[in-house]
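Accompanying notes for the structure given below.
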Amino acid sequence: MFPAKLPSLALGNRYTICKPMEARHTNCAVNRSADRDASVDTIAAISTPPGRGGIGIVRLSGPRAVAIGERLVRLRHPLQHGRARLADVVDEDAGVDAGRIDEAVVTLFAAPHSYTGDDVVEIAAHGSPAVLELLLTRALALNARLAQPGEFTHRAFLSGRLDLTQAEAVRDLIEAQTLTQARQAASQLGGALSRRVLPVKQSLTELIALLEAGIDFAEDDVEVTPQAEIARRIEQMTPPLQALEASFTRGRIVHDGLTLALVGRPNAGKSSLFNRLLERDRAIVTATPGTTRDTVSERMSLDGIPLELVDTAGLREAIPESVDIEEAEQLGMRRSREALADAALVVVVLDATQALNDEERELLESMAGRPAVVAINKSDLAPGAKAPAGCGGMPVVATSALTGEGIAALRERILTLATGGAAAEPGMLTNLRQREAIGTALAALADAGRANAQRIPHEMILLDLYRALWALDSLTGQTTPDDILHMIFSTFCIGK
């Protein structure tokens, strides 16, 4: 049992492990309340996309949101938290009776039970840009301020309604292009990543408390934590963080997507495979070699992973400078090589009815060490065609763009290459900032373990443990510097 004077430890928005060696604890937490008090003005923005729509929403948040909202429209009933109220948008320059230009639905979300933690008023009118601009202009004239990109969500973060990983998930959900991306963002928004971090953070805090107690209260006969116990606790914390770090492989791909290029000789069937993978006719296909003169790209979803599929112009064998070829064909081959260099994944398309030429051999050799799959196309015309020499261990799939044979197997190969075999799981890391935070925590724990094994004083071990704790806190936002916060929220759209 610790003495009563042991410093309190909390795992909420701020932790207060600030005892000895004050220099190392000076910046142990970000003061969210101070940041919040500095921005108590009322903000306003149009929260729906630009242009015409069935519905358009003007959102206000702040201490004067209700007072301003009540002056923007003519309410038919008083505002009440969580209740939608009918109202009229009126033209103040016309008469009271003749001045109605639109109907609106006004909803109040009273503090602290709102998205931002402040009073929030949302006015939903018909989506006329003129009406929405009128409402916003009036709000600004009543001393509201135009919201900055992401400022509503930033306020939700500062008020403790969201942690930083959840705030990032709001942006990801808005930008989701596939259902899998939306599910992943919704999982993060629900706190899946924070829940994975919390047990490790709890164990880390407990270990810090034990070591601090041994240092601060040695005169009170508090037992010094044995070396073996410190090692055991550090070893227990490492595997969950390693598993979390490994989740970045799939999480990043689901979040960002990949570029997949189809390359090969003219008339190998690249455009036909391109259309088959897209499941619609996007690229022009003819029996004449060289139909595709430029790269053609299209987005698709493969098991929820967004891919930018690129169909390239055929790569010909080296042509002597004395041979005159069309400038368009030269540019097409140049862009094909650029697409090949930029692609994260490559499908090398070979013609099952043709022997390898020098250009294809060179292409296969250049794929060494890159994630690539070989598609031997036109297998319906050459049944039993085998993988040619020089594939270098790359997976080989026999396909027929005409009949659809092997297309499912090709999709599976592409998916395996894209994810590295990593399975989907809740609470995956989705961006580099998150991965760096976990990597820093793992490195700090490793340093603490080595220091403990070398019997270095606990004061020095604590430096590494605090570094791990700060890294985990930066993941969810407790100790994230203001410039990083600004960078994150500036990527949001205005009105969110």
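Just a few scattered comments:
- Contacts under 7 angstrom Cβ, first residue in segment 196-225 being under 30 Å from Gln434 (Cα atoms), partner polar (S, T, N, Q) and at pLDDT below 90, 6 or more apart: Val197/Thr476; Leu210/Thr225; Leu211/Thr225
- Qualifying residue in segment 160-171 (condition: surrounded by 19 or more Cβ atoms within 10 Å (Cβ to Cβ), touching a Lys or Arg at 6+ places or on another chain (Cβ under 6 Å) and either within 17 Å of Ser194 (Cα to Cα) or of a type outside the set (Lys, Arg) (or both)): no
- Flag for Val347 being at pLDDT 85 or above and assigned to a strand (DSSP E or B): yes
- Remark: Arg85 matches the filter, which requires a residue to be farther than 30 Å from Leu164 by Cβ, in contact with a strand residue (DSSP E or B) (Cβ under 7 Å, 6 or more places away or on another chain) and in contact (Cβ under 8 Å) with a residue 12 or more places away in the chain.
- So Gly439, is it in contact with an Asp or Glu (Cβ under 9 Å, 6 or more places away or on another chain), more than 24 Å from Pro226 (Cβ to Cβ) and in contact (Cβ under 8 Å) with a residue 60 or more places away in the chain: yes
- Residue count for segment 144-190 under the criterion of being under 23 Å from Asp118 (Cα atoms) and acidic (Asp, Glu): the result is 3.
- Those strands (runs of 3 or more DSSP E) of segment 1-96 in which 3 or more residues are at pLDDT 85 or above and under 37 Å from the mean Cα position of the chain (by Cα) occupy 43-46, 53-61.
- Residue within segment 115-133 that is touching a helix residue (DSSP H, G or I) at 6+ places or on another chain (Cβ under 8 Å) and part of a helix (DSSP H, G or I) present: no
- Search result, residues across segment 369-389 that are modelled with pLDDT under 85 and over 16 Å from Arg265 (Cα atoms): Gly369, Ala382, Pro383, Gly384, Ala385, Lys386, Ala387, Ala389
- Pick from segment 275-321, criterion modelled with pLDDT under 55 and among the β-branched types (Val, Ile, Thr), ranking: surrounded by the fewest Cβ atoms within 10 Å (Cβ to Cβ): Thr288
- Residues that are closer than 30 Å to Leu198 by Cβ and at pLDDT 90 or above, drawn from segment 409-427: Gly427
- Considering only residues in segment 367-387 that are among the small types (Gly, Ala, Ser) and without any contact (Cβ under 8 Å) to a residue 24 or more places away in the chain, the one that is surrounded by the most Cβ atoms within 10 Å (Cβ to Cβ) turns out to be Ala387.
- Candidate set: segment 346-355, residues that are surrounded by 16 or more Cβ atoms within 10 Å (Cβ to Cβ) and hydrophobic (A, V, I, L, M, F, W, C); chosen: the one farthest from Ala261 (Cα to Cα): Ala352
- Subset of segment 408-417 [closer than 20 Å to Ala344 by Cα and among the hydrophobic types (A, V, I, L, M, F, W, C)]: Ala409, Leu410, Ile414, Leu415, Leu417
- Residue that is out of contact with any Phe, Trp or Tyr (no Cβ under 9 Å at 6 or more places or on another chain), buried (at least 20 other Cβ atoms within 10 Å of the Cβ) and not assigned by TED's automatic domain parsing to the domain that holds Pro240, where the choices are Gly406, Gly390: Gly406
- Contact annotation: residue pairs with Cβ atoms under 6 Å, 6 or more positions apart or on different chains, pairing a residue in segment 467-496 that is on the phi < 0 side of the Ramachandran plot with a partner that is at pLDDT 90 or above and of a type in the set (Asp, Glu), are Thr476/Asp163; Thr479/Asp473.
The values are calculated or read from the model by the stated rules, or taken from the named source; none is laboratory data. Here the structure is a predicted model, which means the values were calculated and not measured. Backbone-built Cβ (ideal geometry, glycine too); neighbour counts: all protein chains shown.
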